[in-house]
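Every number here is computed from the coordinates shown, using simple stated rules; none is lab data. None of these values were measured; they are calculated from a predicted model. Note that each Cβ is placed from the backbone with ideal geometry, even for glycine, and that neighbours are counted across all protein chains shown.
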Amino acid sequence: MTASETSETDEEVGGLAATTPATELSDTPLRVENLQKHFGGITAVDGATFEVERGSLTGLIGPNGAGKSTTFNCITGVHEPDGGAVYFDDEDITGLEPYQVADRGLVRTFQIARELAEMTVLENMMLAPKSQIGEHLWRSVTPGFRDDVREQEEAMLDHAWETLEFFEIDHLAEEYAGNLSGGQRKLLEMSRALMTDPTMLLLDEPLAGVNPTLEEKLLEHVHELREQGFTFLLVEHDMDVIMNHCERVIVMHQGTVLAEGTPAEIQSNERVIDAYLGGEV
């Protein structure tokens, strides 16, 4: 998919698709400019500036305390930045609430999966879609309301099953989410994120606590989705994953962007090697 495409694109992968509106979009859906965030006397993000290319899998790396998760939180509305700006599809989304950011198609996952433990996997999935007409009291007096609700719920249920099948956890649909393994919870969280119809996903440590078999499957799914137009920004400490799977890498250090480039460029960058990798990638 290119930014110059102006007709609506809806390519399917196992029933999933990234939908591009019938408007011309830039090649960089996410732009972060001079982002700043302070907690008391601590500067967590200090003028971070970077862009993410549409349809890419971009890695965001740095040691603990580099500001990666805080940057994610500022982008997605969990924290309000103290300075700078965040643009998504050329719209200034700085300071919007998390649900407002998600409504625009920018969705994140968390390092520790946040499933609703006492609900089933399928119930978790059905809570995610936005603009559910059954949630609006005023619609209950509208003619045809029940038919509209039923049709929407059937469509969402089909979407939920397709997504669970895509991530190969449909056999767990009736299992309580709290009974899932750590890796299965990661798959559920990404499945649930896709139920919101995003165009870009920010993944915070998606492979933490995941066994090698599930890790391989999750990465395969990410690549399949990326090929169909989804954009990913990935925080990950596993350098092998970053260097072998990302097209571009952004390196943060003490709240700032230290370097950007291809994996090969980052591996040979002396500042990165000295600051993070102890002389070896």
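At q = 0.12, 0.14, 0.17 Å⁻¹, what base-10 log of I(q)/I(0) does the Debye formula yield for the stretch 145-281 when every alpha carbon is treated as an equal point scatterer in vacuo?
-0.59, -0.75, -0.98
The stretch 26-277: percent of C-alpha pairs farther apart than 26 Å? Don't skip to the answer; put the middle values down first.
Working: 13594 of 31626 pairs.
The answer is 43 percent, as a whole percent.
Return Leu218, Leu202 ranked ascending by Cβ neighbour count within 10 Å, so the fewest neighbours appear first. Working shown, then result.
On the way: Leu218 20, Leu202 26.
With the sparsest Cβ surroundings first, the list reads Leu218, Leu202.
How many angstrom lie between the C-alpha centres of the stretch 58-81 and the stretch 225-251?
Distance between centres, Cα-based: 15 Å.
In what sequence do Lys217, Lys37 fall when counting other Cβ within 10 Å, fewest first?
Lowest to highest Cβ neighbour count: Lys217, Lys37.
Rounded to the nearest 5, what % of DSSP beta bridges with both residues in the stretch 26-277 are antiparallel?
About 55 percent, rounded to the nearest 5.
Suppose R0 equals 25 Å. What FRET efficiency, 1/(1 + (r/R0)^6) with r the Cβ-Cβ distance, do Gln267 and Glu224 give to the nearest 0.05? Kindly include the intermediate steps, with their values, before the conclusion.
On the way: r = 26 Å, r/R0 = 1.05.
After rounding, the FRET efficiency stands at 0.45.
Order of 254-261, 64-71 by packing, highest average Cβ count within 10 Å first?
Put in order of decreasing packing, that is 64-71, 254-261.
Between Glu154 and Arg114, 0.36 nm times their residue separation minus their Cα-Cα distance comes to what?
That works out to 11.9 nm of additional length.
Distance in nm between label sites at Thr213 and His38, each 7 Å beyond Cα in the beta-carbon direction?
Taking the two extended label points, one gets 5.1 nm.
I need the peptides 120-127, 185-192, 93-100 ranked by packing, meaning the mean over residues of other C-beta atoms within 10 angstrom, with the highest value on top.
185-192, 120-127, 93-100
What is the percent of Cα-Cα separations in the stretch 185-235 that go past 15 Å?
43
Quick one: length gained pulling Tyr99 to Val78 fully straight, 0.36 nm per residue minus the C-alpha distance?
That pair, Tyr99 and Val78, stretches by 6.6 nm at full extension.
Ranking Cys74, Cys246 by Cβ neighbours within 10 Å, fewest first, what do you get?
Values: Cys74 25, Cys246 22.
So the residues, fewest neighbours to most, are Cys246, Cys74.
For Ile250, which sequence-distant residues (separation of 5 or more, or a different chain) have an amide H within less than 5 Å of its own amide H, given hydrogens modelled in the peptide plane?
Gly59, Leu60, Ile61
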